[in-house]
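The values are calculated or read from the model by the stated rules, or taken from the named source; none is laboratory data. In this text, all values refer to a predicted model and were calculated from it rather than measured experimentally. Using ideal geometry, Cβ is built from the backbone for each residue, glycine included, and neighbour counts are taken over all protein chains shown.
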C-alpha cells in the first residue's frame, strides 16, 4: 500500500510539473510560483479514473527516466531541453491513455484532495 501511495504521489508531482511547464509555455509572463486554483468539484467516470490510474503509472516511469537525464544535463539549456522533452512525453502518454491533460490534472488534484477517491484509484491501479 505504501508503494501505491508513493507511486501516486510521484505521478501527481509529475502531473503538477507537467501542468506548470505547459502553463509557462502558453503564458511566458506567468510565474510558476503562482498558487494553483482549487480543483473544481467534478464527477469522473470509472473509465476516466481507470485511465488516470494507468497513465499515472506511465508518468512515473517517464518522470524517473527524465529525472536521471535532467541530473546528468551539463547546463541550463540542456536541462530545459530535457524538461521540454519530458513534458512532451507525459502529454503524449496522457493523450494515448485516452485523457486530455486538463482532465488528467483535474483528476490528479481531486485524488490529492479526496482520500476516498485516492483509495478508489489505487484499487483500480492494482487490478
task = Would you point out which residue out of 119, 57 is surrounded by fewer than 19 Cβ atoms within 10 Å (Cβ to Cβ) and within 14 Å of the chain's Cα centre (by Cα)?
result = 57
For residue 95: the one exception among (1) farther than 21 Å from residue 127 by Cβ; (2) touching a residue at least 12 places away in the same chain (Cβ under 8 Å) = (2)
message = Can you say whether residue 92 is modelled with pLDDT of 90 or more, exposed (fewer than 14 other Cβ atoms within 10 Å of the Cβ) and under 17 Å from the mean Cα position of the chain (by Cα), as far as the supplied structure shows?
response = yes
remark   = Filtering region 95-116 down to residues that are surrounded by 14 or more Cβ atoms within 10 Å (Cβ to Cβ) and in a helix (DSSP H, G or I) yields 101, 103, 104, 105, 106, 107, 108, 109, 110, 111, 112
ask   = Restricted to region 31-54, and to residues that are surrounded by 12 or more Cβ atoms within 10 Å (Cβ to Cβ) and assigned to a loop (DSSP other than H, G, I, E, B), which residue is modelled with the highest pLDDT?
value = 44
